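Enquirer: My questions all concern the structure below.
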Amino acid sequence: MPFGAGSVSLRIYPHDGLDAPGVVAEAIGQAVLAADHGFDGVMTSEHHGGFAGYLPNPLQVAGWMLDRMPTGWAAAAPVLLPLRPVVLLAEEVAWLAALHPGRVGVGVAIGGLELDFRLLERDFAARTAAFRAGLPRLTALLRGAELGELADDRALFGCAARPVPVVAAAMSPGAVRRAAQAGAGILFDGGSEAARLRELTDRYLDAGGVGPQVLIRRVWLGDPPREAFERQLHVYRGYSPAAALRHWRGTGFVCHSDAGALADELAALRAEIGATCVNLRIHVPGVSADAAREQIAALGLEVLPRLRAAGTDPTRDTAIETTDTPVRDATPGNPTTAQGAQQ
């Protein structure tokens, strides 16, 4: 399942220097390449206005990828939740999952780039309140619960039998607690130190969280493009909150010329943090499409088998709770079934 325990997925970003058709073709091609080389899934993420390395429509792109990928899952993660109506996002995710059952996930974030909100005519200052209200509503809808007037939506209704997993970008004790209470997993940033992430994992579990805990790490096998990494770090520092920056270390990239050493460090980080799955990133502006493809193939062939062989964190029960209970009288609009899906 998306964000499944022990899974290793890849973040895919558009490449600069290509026109729009080329960006789309390359992103889809890399998703197919990742699936062919053993990655369990792929993730896409959102910014607007041509912000370097991002696309405005991550869920749509995830759908294009799923149409071409022979195996594996795709997740728009994160989508900027305050930028769109919760019901609309839930409907779009649920109907994509109806076409690709068991292969769709979604992640959401508050958003920190003011340009996104200005372009979409949303109140930047109100984004935190909108996120806090929207997250529990989204997770409920995508498990087929609390549908109300949406009970006749067959895709959302079907989520009672096959929920769509949701993760939330969470980098503070309050944020992980809210994710746990909403029934969402947690998605960490790619640069924070392990001790901080372990603290947040423990807070999430203590709050009753049972969803995925996704560790993002920027990686490179071989001689890394350090200047590109430094430029991207400078961009992120320009709009990330000070509270998050206090816990960043270096560029956040894990780089080794030896595949075994890279796998060992990733496995050690996963165990130290208590993460249930790993999401790898290789893309930054300045990394060519050819270099990205070489990395995808090399990581899939040389690093993923070693990382999977290293197992999971033995100090934690990292099983992911799923809803497999059969739904009685599974007819859209049946009040008994809708109520049962809320339990």
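The values are calculated or read from the model by the stated rules, or taken from the named source; none is laboratory data. Note that the coordinates shown come from a computational prediction; the quantities given were computed from them, not determined experimentally. Cβ atoms come from the backbone with ideal geometry, glycine included; neighbour counts cover every protein chain shown. Heads up: the accessible areas ignore ligands, DNA and RNA and are worked out on the full protein's heavy atoms, side chains in. Shrake-Rupley method; radii C 1.70, N 1.55, O 1.52, S 1.80 Å.
Enquirer: Being surrounded by fewer than 22 Cβ atoms within 10 Å (Cβ to Cβ) and not charged (D, E, K, R) narrows it down to one residue among 183, 191, 211; which is it? Reasoning before the result, please.
Expert: On the way: 183 fails: surrounded by fewer than 22 Cβ atoms within 10 Å (Cβ to Cβ); 211 fails: surrounded by fewer than 22 Cβ atoms within 10 Å (Cβ to Cβ).
191 is the lone residue from the list that is surrounded by fewer than 22 Cβ atoms within 10 Å (Cβ to Cβ) and not charged (D, E, K, R).
Enquirer: Looking at (1) of a type outside the set (Gly, Ala, Ser); (2) at pLDDT 95 or above; (3) open to solvent by 50 Å² or more (accessible area, probe 1.4 Å), which one does residue 80 not meet, given that it meets all the others?
Expert: Against the list (1) of a type outside the set (Gly, Ala, Ser); (2) at pLDDT 95 or above; (3) open to solvent by 50 Å² or more (accessible area, probe 1.4 Å), residue 80 comes up short only on (3).
Enquirer: Just checking, how many residues over region 149-186 are free of Cβ contacts under 8 Å to residues at least 40 places away in the same chain and more than 15 Å from residue 79 (Cβ to Cβ)?
Expert: 8
Enquirer: Which is open to solvent by 30 Å² or more (accessible area, probe 1.4 Å), of a type in the set (A, V, I, L, M, F, W, C) and in contact with a His (Cβ under 6 Å, 6 or more places away or on another chain), of 99, 115, 119? Don't jump to the end; show me each part of the working.
Expert: Working: 99 fails: in contact with a His (Cβ under 6 Å, 6 or more places away or on another chain); 115 fails: in contact with a His (Cβ under 6 Å, 6 or more places away or on another chain).
Of the residues listed, the single one that is open to solvent by 30 Å² or more (accessible area, probe 1.4 Å), of a type in the set (A, V, I, L, M, F, W, C) and in contact with a His (Cβ under 6 Å, 6 or more places away or on another chain) is 119.
Enquirer: State whether one or more residues within region 86-95 are open to solvent by 10 Å² or more (accessible area, probe 1.4 Å), touching a strand residue (DSSP E or B) at 6+ places or on another chain (Cβ under 7 Å) and in contact (Cβ under 8 Å) with a residue 24 or more places away in the chain. Write out each step before concluding.
Expert: Step one: filter region 86-95 for residues open to solvent by 10 Å² or more (accessible area, probe 1.4 Å), giving 86-88, 91-92, 95.
Next, from what is left, pick out any that are touching a strand residue (DSSP E or B) at 6+ places or on another chain (Cβ under 7 Å): none.
Within region 86-95, none of the residues are open to solvent by 10 Å² or more (accessible area, probe 1.4 Å), touching a strand residue (DSSP E or B) at 6+ places or on another chain (Cβ under 7 Å) and in contact (Cβ under 8 Å) with a residue 24 or more places away in the chain.
Enquirer: Out of 319, 298, 242, 263, which single residue is surrounded by fewer than 19 Cβ atoms within 10 Å (Cβ to Cβ) and modelled with pLDDT of 95 or more?
Expert: Working: 319 fails: modelled with pLDDT of 95 or more; 242 fails: modelled with pLDDT of 95 or more; 263 fails: surrounded by fewer than 19 Cβ atoms within 10 Å (Cβ to Cβ).
Criteria check complete, one pass: 298.
Enquirer: Identify, please: which residue in region 195-238 is at pLDDT 95 or above, more than 25 Å from residue 303 (Cβ to Cβ) and part of a helix (DSSP H, G or I) and is, among those, farthest from the chain's Cα centre (by Cα)?
Expert: The residue in question is 206.
Enquirer: Continuing with the same structure: Looking at this structure, is residue 138 touching a helix residue (DSSP H, G or I) at 6+ places or on another chain (Cβ under 7 Å) and either open to solvent by less than 20 Å² (accessible area, probe 1.4 Å) or touching a residue at least 12 places away in the same chain (Cβ under 8 Å) (or both)? Before you say what the answer is, go through the steps one by one.
Expert: On the way: touching a helix residue (DSSP H, G or I) at 6+ places or on another chain (Cβ under 7 Å): yes; either open to solvent by less than 20 Å² (accessible area, probe 1.4 Å) or touching a residue at least 12 places away in the same chain (Cβ under 8 Å) (or both): yes.
Yes; evaluated as a whole, the condition is true for this residue.
Enquirer: Can you say whether residue 63 is within 19 Å of the chain's Cα centre (by Cα), in a helix (DSSP H, G or I), modelled with pLDDT of 95 or more and not charged (D, E, K, R), as far as the supplied structure shows?
Expert: Yes.
Enquirer: Another one. Name the residue that is modelled with the lowest pLDDT, counting only residues in region 249-260 that are buried (at least 17 other Cβ atoms within 10 Å of the Cβ) and touching a Lys or Arg at 6+ places or on another chain (Cβ under 8 Å). Even if it seems obvious, please write down each step before you answer.
Expert: We begin by selecting, within region 249-260, every residue buried (at least 17 other Cβ atoms within 10 Å of the Cβ); these are 251-256, 259.
So of that shortlist, the ones also touching a Lys or Arg at 6+ places or on another chain (Cβ under 8 Å) come out as 251-254, 259.
On the way: 251: 59, 252: 69, 253: 82, 254: 89, 259: 97.
Checked region 249-260; the qualifying residue modelled with the lowest pLDDT is 251.
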